[in-house]
Amino acid sequence: MNRKARIEDTLKHTFDPMHLEVVDESHMHSVPAGAESHFKILVVSETFADKTLVARHRLLNRALSGELEGGLHAIALHTWTPDEWFAKGGVAPESPPCQGGSKAG
């Protein structure tokens with residue numbers, strides 16, 4: 001099972017999300033092909049109700065601790081409640097270009 005599939009499996013079982021997006025953005029960075037090191041993650045779950053943004057991110061970091069210890073370098077986290085998801089139009093934000101050693105072009 002590749003890293004993306006493991007992340008999806010872990011987050012589905014941990015947060016029972018209404019919506020989940022896991023996007024491998026490694027190709028946007030200066031890493032070897034197939035590195036699976038940079039991901040954008042959007043989790044929409046009632047679990048996040050009444051939690052601060054920092055608390056939400058800590059929950060995801062804890063759930064993904066094995067991946068972070070095993071080569072996952074960077075994650076862009078979007079942790080929203082269903083109400084926040086609908087208020088934002090049901091679309092995850094685009095990731096900005098890499099600022100540290102990104103690939104040219």
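Structure above, values below:
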| item | result |
| --- | --- |
| Scope the stretch 46-56; condition over 18 Å from K12 (Cβ atoms) and open to solvent by 50 Å² or more (accessible area, probe 1.4 Å); matching residues | D50, K51, T52, L53, V54 |
| The stretch 67-97: number of residues that are part of a helix (DSSP H, G or I) and open to solvent by 50 Å² or more (accessible area, probe 1.4 Å) | 6 |
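The values are calculated or read from the model by the stated rules, or taken from the named source; none is laboratory data. Here the structure is a predicted model, which means the values were calculated and not measured. With ideal geometry, Cβ positions are generated from the backbone for all residues, glycine too; neighbour counts draw on all protein chains shown. Keep in mind that these areas ignore ligands, DNA and RNA; they rest on the heavy atoms of the full protein, side chains included. Shrake-Rupley method; radii C 1.70, N 1.55, O 1.52, S 1.80 Å.
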